[in-house]
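First the structure, in the form of structure tokens, and then the observations on it.
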Amino acid sequence: MTRRDVLEMFILSVVWGVSFLLIKLVGEVFPPVWVALLRSVFGALVLWAALRWGRHSLPPAHLWKPLLLVAVFNNVLPWTFFAWGEQTVSSNIAAILNATTPLFSLLIALGARDAQVTGRVIGGVMIGLAGVAMTVSGGISGGHATLFGVLILLAASLGYAVATSIAKRTLGGLNPVGLATTQLTLSSLMLAPVALLGPQPGPVTLTALGSMLVLGVFGSGVAYLLYYGLLARVSPTQVVAVTYVLPLWGLFWGAVAGEAIGLLSLLGVAVVLSGLLLLNMPRRSAGTQQGSSTLPARERPTLGPEQRRKQA
């Protein structure tokens, strides 16, 4: 990797890591559906500008069904559920629970027979789930989370995993910027009527408005561009490392905001990351490329021929 790649991975981890705290701050004024809507709108504006500037192509119209499904499971539901869940769960625990996405992705792949059941896979999943249980137990006993909020956040992470599975099967070879632009545009169109007919925002504060702008422009739009740009230049196994540090950034930003977290939850973070690292260890066997991994990266796109040539 070049210095540029390392710097962009660092920026991406910071932006995604602070998103959980921003969701918490925005949720003090905006209802969950509004949080998801504004994220989608601001992110879509950034991506439409990038699409026009870079002359990227949009997905073909006949793929509207899988595109809608990916928008629902990758944006509409998770972004609404994270805002909903963080009403009763601290942002640092939300960041930790987000790390269950690769575990759900693997379980879906195993169910679809897209991944092999091995001792390493079983061990990694069990360790990861044990870490989640420790985190949840520590959060609930310490008053930093409710069981209902935790379940909502786990459903959000499951949504990310479902979207990844759908995209891998139906949206292969598409331009990643065009795909992301379409996702956020469809997400905006689906969320708008629900937001307008549902609960309305309270008095808007500068903190909530500023947090919403940063969350939408950088946490959604710019983050997509960084992520897809990195995947066009470096291997997915290297980019997936960003997923591992998100809980750590979540803990950091939560501490900056004065959020407390118990020792059991801290230990749970270490256990979850250990399980993910075990699952993503390179397999050194015949016919397997060194550096390949069991887990898909969070929201990994399917690269087209041009991006694959760059990555080779």
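The values are calculated or read from the model by the stated rules, or taken from the named source; none is laboratory data. On a predicted model such as this, the values are computed, not experimentally measured, just so you know. Neighbour counts are summed over all protein chains in view; Cβ atoms, including those assigned to glycine, are modelled from backbone coordinates with ideal geometry.
Looking across the stretch 202-234, just one residue is out of contact with any helix residue (DSSP H, G or I) (no Cβ under 7 Å at 6 or more places or on another chain), aliphatic (A, V, I, L, M) and outside any helix (DSSP H, G or I), and that is 204.
Of 68, 58, all but one fail to be in contact with a helix residue (DSSP H, G or I) (Cβ under 7 Å, 6 or more places away or on another chain) and in a helix (DSSP H, G or I); the exception is 68.
Would you mind stating whether residue 181 is within 30 Å of residue 52 (Cα to Cα), touching a residue at least 60 places away in the same chain (Cβ under 8 Å) and assigned to a helix (DSSP H, G or I)? When the stated conditions are applied, residue 181 passes them.
Would you check if residue 234 is surrounded by fewer than 23 Cβ atoms within 10 Å (Cβ to Cβ) and modelled with pLDDT under 90? Here the answer is yes, as residue 234 does meet what is asked.
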